[in-house]
Amino acid sequence: MKIHRQSLTAYGAPLCETVADLPTPKGSEVLVRVERCGVCHSDLHMQDGYFVLGGGKKLDVRAGRALPFTLGHEIAGRIEAAGPDAAVKTGSQVAVYPWIGCGQCAACRFGDENICSSPRHLGVTVDGGFATHALVLHSRYLIDYGLLSPGYAGALMCSGLTAYAALRRLADRAARAPLLLVGLGGVGMMGLALARAMYGAAPLVADIDAKKRAAALAAGAAEAFDPSQPDARKAVLKATGGLYGVCDFAGSDASLNFATCVLAKGGKVVVTGLIGGGYATAVAMFPLKAMTIEGITTGTLAEARELVDLVRKKNIAPPPIADRPLGQASATLDDLRAGRIVGRVVLAC
């Protein structure tokens, strides 16, 4: 038996099909037959081999990853085989929590495997889901997704989880006024649906892409702004008087500058995006505005389980999700890089 993959064979180059022997799970390992795997913006950084830090600087992330390497971390599928110590039922449909840690460091012991210093994250440090099969370290990372579609379930493990974790950190601000979501890619559109369900109020949104703003308004956003317009800041302040909570799902210098400049005193921005760039402000603005800027990386296993339960309980509709064949993985990355995708594309593996 063989596993067919769309793999990174050189940084900055298209993905290529590779074939390897199908792994036999040992101990507590579980082999999942991948049904869908989402294509995430962070996959572009893995393909490039670096993150943009601003000022001409880059963070090199090529070390410790042997090529060929298989990307993909938004995985959902069926259990095909398991090691003798794994308590699972073959054939069960599961979403895979990919942010697996070392299990030994302080972060892991506290339940924050997503920020482990020696991670075993699927599709990032360990081969992921742009493949027919994925090997998972332990059954505790598998989540029954019930009546959800596999594409939606897989997307919840990153874009959904990232949005959910960010929104949770703005709960006290959301009690004061509606939130603003900046950046309407896969994470931002997921955040729109979740914010309405979590806090009972439609958030405001901002994006430079008119099609994405229109899609967000159609999905229930309260109001949409184009942050590239010179009067955008004044328009937001006129409409709100200043915001107490903003999610920056873009993570660029422009998006963070926009997010902070529309805050009221005591406001908070949670940054999840990874587009890159630099940010600078007068230090005195932190105490004068009593503002907070917090960065997060995806979410915990406990939050992933909470999210799936919330989506099922509230019957939260998915954002736009389109299926493409596994062989179109590289073309899909190109489309994502060029901004041609609204919502999420998932690979049917």
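The values are calculated or read from the model by the stated rules, or taken from the named source; none is laboratory data. What you see is a predicted model, and the numbers here were worked out from it, not measured in a lab. Virtual Cβ from ideal backbone geometry, glycine too; neighbours counted across all protein chains shown.
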Check your understanding: If you take just the strands (runs of 3 or more DSSP E) that sit entirely in the range 120-201, which of them hold at least 2 residues that are assigned by TED's automatic domain parsing to the domain that holds Gly64 and modelled with pLDDT of 95 or more?
Key -> 133-136, 142-144
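So is Thr18 of a type in the set (Val, Ile, Thr), assigned to a loop (DSSP other than H, G, I, E, B) and either in contact with a helix residue (DSSP H, G or I) (Cβ under 8 Å, 6 or more places away or on another chain) or free of Cβ contacts under 8 Å to residues at least 60 places away in the same chain (or both) or not?
Details: of a type in the set (Val, Ile, Thr): yes; assigned to a loop (DSSP other than H, G, I, E, B): no; either in contact with a helix residue (DSSP H, G or I) (Cβ under 8 Å, 6 or more places away or on another chain) or free of Cβ contacts under 8 Å to residues at least 60 places away in the same chain (or both): yes.
For Thr18, the condition - of a type in the set (Val, Ile, Thr), assigned to a loop (DSSP other than H, G, I, E, B) and either in contact with a helix residue (DSSP H, G or I) (Cβ under 8 Å, 6 or more places away or on another chain) or free of Cβ contacts under 8 Å to residues at least 60 places away in the same chain (or both) - is not met.
Do we have any residue at all in the range 85-92 that's of a type outside the set (Val, Ile, Thr), under 25 Å from Gly277 (Cβ atoms) and assigned by TED's automatic domain parsing to the domain that holds Ala10?
Start the filter on the range 85-92 by keeping residues that are of a type outside the set (Val, Ile, Thr), which leaves 85-87, 89, 91-92.
Cutting the leftovers down to under 25 Å from Gly277 (Cβ atoms) gives us none.
Among the residues of the range 85-92, not one is of a type outside the set (Val, Ile, Thr), under 25 Å from Gly277 (Cβ atoms) and assigned by TED's automatic domain parsing to the domain that holds Ala10, which makes the answer no.
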Review point. Hey, does the range 78-97 have a residue that's polar (S, T, N, Q), under 22 Å from Thr297 (Cα atoms) and surrounded by 18 or more Cβ atoms within 10 Å (Cβ to Cβ)?
Key: no
Revision key, fill the gap. Across (1) within 23 Å of the chain's Cα centre (by Cα); (2) in contact (Cβ under 8 Å) with a residue 40 or more places away in the chain; (3) under 20 Å from Leu336 (Cα atoms), Gly12 clears everything bar (2)
Practice item. Scan the range 23-47 and report the pairs whose first residue is farther than 13 Å from Pro150 by Cα and at pLDDT 95 or above and whose second residue is among the β-branched types (Val, Ile, Thr) and assigned to a strand (DSSP E or B), with Cβ atoms within less than 8 Å and a gap of 6+ or a chain change. Key: Glu29/Val136; Val30/Ile79; Val30/Val136; Leu31/Ile79; Leu31/Val136; Val39/Val345; Val39/Val346
**Study point:** So Ala216, is it outside the structural domain of Met291 (by TED's automatic domain parsing), buried (at least 19 other Cβ atoms within 10 Å of the Cβ) and under 21 Å from Gly339 (Cα atoms)
**Key:** no
Study note, to complete from the structure: Reported set for the range 55-76 where residues are touching a Ser or Thr at 6+ places or on another chain (Cβ under 9 Å) and either assigned to a strand (DSSP E or B) or modelled with pLDDT under 95 (or both) is Gly64, Arg65, Phe69, Thr70, Glu74, Ala76
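For Arg62, state whether it is in contact (Cβ under 8 Å) with a residue 24 or more places away in the chain, crowded, with 22+ Cβ neighbours inside 10 Å and basic (Lys, Arg).
Values: in contact (Cβ under 8 Å) with a residue 24 or more places away in the chain: yes; crowded, with 22+ Cβ neighbours inside 10 Å: no; basic (Lys, Arg): yes.
Judged against the criteria, Arg62 is not a match.
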Review point. Can Gly101 be described as modelled with pLDDT of 95 or more, touching an Asp or Glu at 6+ places or on another chain (Cβ under 9 Å), under 19 Å from Thr162 (Cα atoms) and not hydrophobic (A, V, I, L, M, F, W, C)?
Key: yes
Practice item. Among what's in the range 30-54 and is touching a helix residue (DSSP H, G or I) at 6+ places or on another chain (Cβ under 8 Å) and in a strand (DSSP E or B), pick the residue that is nearest to Thr298 (Cα to Cα). Key: Gly38
Practice item. Taking Tyr164 as the residue in question, decide whether it is among the hydroxyl-bearing types (Ser, Thr, Tyr) and within 22 Å of Asp43 (Cα to Cα). Key: yes
Check your understanding: Out of all the residues in the range 254-274, which are closer than 23 Å to Cys158 by Cβ and either of a type in the set (Gly, Ala, Ser) or free of Cβ contacts under 8 Å to residues at least 12 places away in the same chain (or both)?
Key -> Ser255, Ala259, Gly273
Review point. Is it true that Pro320 is surrounded by fewer than 17 Cβ atoms within 10 Å (Cβ to Cβ) and out of contact with any helix residue (DSSP H, G or I) (no Cβ under 9 Å at 6 or more places or on another chain)?
Key: no
Practice item. For Leu307, indicate whether it is buried (at least 19 other Cβ atoms within 10 Å of the Cβ), closer than 16 Å to His73 by Cα and assigned by TED's automatic domain parsing to the domain that holds Asp43. Key: no
